[in-house]
């Protein structure tokens, strides 16, 4: 009888493991489909028009929050639909850090999305120079995807650090949750 009970318990445990494996595979397949769905939505977003590159910059003394200008490219991040950008340093000090938020607006200029967490950009942006790689904002999940109603985009930074400075220069009010579209 003991052998019979032990065998039945083993069989029940084995069946339970098989069921959990099947559920895990089903959940994994569902997650993969959700990821593909987000990617499919990105492919339905309208094409982007790149802003002109900023050329022939003559670095000049600038207030910290006027030291950076962003250029939107005609490419999107594959998983969330946010445009890719370059940053330019208009000032005379090398920039080593930016905390960047993305904003998306509809055809009427109404904000439809803001990235929840700022991108912590770390690099070396020389005076008069542009970033060596494309800036990607937003998370990489379906929740962070750009809404289909978005037709224009802006970046905002509320913290930066210059090479040689001990502290960050920050202005927490610069990139509010709701920010009117720039003119």
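Read the figures in this text as sums done on the coordinates, not as results from a lab. The structure presented is a predicted model; accordingly, all values stated were derived computationally and were not measured. No Cβ is skipped: glycine too gets one built from the backbone with ideal geometry, and neighbour counts run over all protein chains shown.
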In whole angstrom, how far apart do the alpha carbon centroids of the range 108-183 and the range 66-104 sit?
-> 6
Förster radius 45 Å - calculated FRET efficiency between residue 94 and residue 44 (Cβ-Cβ, nearest 0.05) = 0.65
P(r) over all Cα-Cα pairs of the range 72-132, 5 Å bins from 0 to the longest distance, whole percent per bin, short to long, reads 4, 15, 20, 24, 18, 12, 7, 1
Placing each pseudo-label 7 Å from Cα in the direction of the beta carbon, residue 151 and residue 66 end up separated by a distance in nanometres of 3.2
